[in-house]
Amino acid sequence: MKKVILTLLPILYMSLIWTLSSFPADAIVDTQLSFDALVKESLHLIEFAILYWLIVFAFMAHGKWTEKASMIAAVISILYGLTDEIHQSFVPARSATVIDFVKDTIGVAVSYWIAKRKFFSE
């Protein structure tokens, strides 16, 4: 059962990202605080780092965790970040920006680097 859950988590999380990206930026959380935009913008780094780790855990659950699998998890996460930005370009009251994609990619790259250091460095 644990293996099934860990396998489904990245897919469910990607569905959540897609769903939240389908709403205007302030539709779910609008704190009215001066730093609201900063918090939401920094979430790009975290959001796709989480996706990377969920994919990693799925690989681990199946005994397929290798350096190549880590790279595959990073590529999937980055490409999904790009897909999310393209999707947002079609949603009214949302926008797709290169800087958001860069933030998504940085979150994944940092996670990839941490995994490489922890699991694959000599």
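The values are calculated or read from the model by the stated rules, or taken from the named source; none is laboratory data. Remember, predicted model here, so these are calculated numbers, not experimental data. Neighbour counts run over all protein chains shown; Cβ positions are idealised from the backbone, glycine included.
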Note to self: Looking at LEU43, LEU20, LEU54, LEU33, can you tell me which residue is within 11 Å of the chain's Cα centre (by Cα), closer than 23 Å to THR97 by Cβ and either surrounded by fewer than 16 Cβ atoms within 10 Å (Cβ to Cβ) or modelled with pLDDT of 70 or more (or both)?
What the structure shows: LEU43
Next item on the list: Search the stretch 66-97 for residues being at pLDDT 95 or above and surrounded by 17 or more Cβ atoms within 10 Å (Cβ to Cβ), and hand back the single one that is farthest from the chain's Cα centre (by Cα).
Entry: ALA69
Notebook entry, point to check: With respect to ASP100, is the statement that it is under 18 Å from the mean Cα position of the chain (by Cα), under 18 Å from SER15 (Cα atoms) and in contact (Cβ under 8 Å) with a residue 40 or more places away in the chain true?
Noted result: no
